[in-house]
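Structure first, then comments.
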Amino acid sequence: MQLQLMPRNRQKKEQRKQHKSNNMNKEWPIWEIFIRSKNGLEHRHCGSLHAADEDMAIQNARDVYTRRQEGVSIWVVESKHITASNPEKNGEMFEPAADKVYRHPTFYELPDEIKHM
């Protein structure tokens, strides 16, 4: 068996190529980012990012989405843990609410003193 020797720079290039292909197979998961603003009561979805874990996701979200100090709280959720309803079946999903008229205050008379309702 004969041992092949490569020039040092070619060997380094092969090592970098192998390292790059290994890293491409280990892609970081996607995290959904929710920020609560200073004057808001709820968290709002503001985007997504890749991160290795939840701590890195919070740090990256802080750097990317709250650069101007507009947030007071950050939530991160790994995308694979989010379940959504099927838009094609929205009739089945939301139709039962239509027959509950008492949930909609359309037939109440409001006093004139109440201006912002």
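Summary table
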{"quantity": "Charge context of residue 61, other residues only, Cβ under 13 angstrom, K/R +1, D/E -1", "calculated": "-3"}
{"quantity": "Whole-Hz couplings from phi, Karplus 6.51/-1.76/1.60, listed for the range 66-73; x for Gly and Pro", "calculated": "10, 5, 9, 6, 8, x, 10, 7"}
{"quantity": "Stretchable slack from residue 69 to residue 48, in nm (0.36 nm times residue separation minus alpha-carbon distance)", "calculated": "5.7 nm"}
{"quantity": "For peptides 83-93, 47-57, sequence by mean Cβ density within 10 Å, most packed first", "calculated": "47-57, 83-93"}
{"quantity": "Three-way shape label, the range 26-85, alpha-carbon gyration tensor, a/c 1.5", "calculated": "oblate"}
{"quantity": "The range 30-81: trypsin sites (Lys or Arg not before Pro) falling in loop per DSSP and having at most 11 other Cβ within 10 Å", "calculated": "38, 67, 68"}
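The numbers here are math on the coordinates, done by the rules we state, and not lab data. Just so we're clear, the structure is a prediction, and the values are computed from it rather than from any experiment. As a convention, Cβ positions derive from the backbone with ideal geometry for all residues, glycine included, and neighbour counts pool all protein chains shown.
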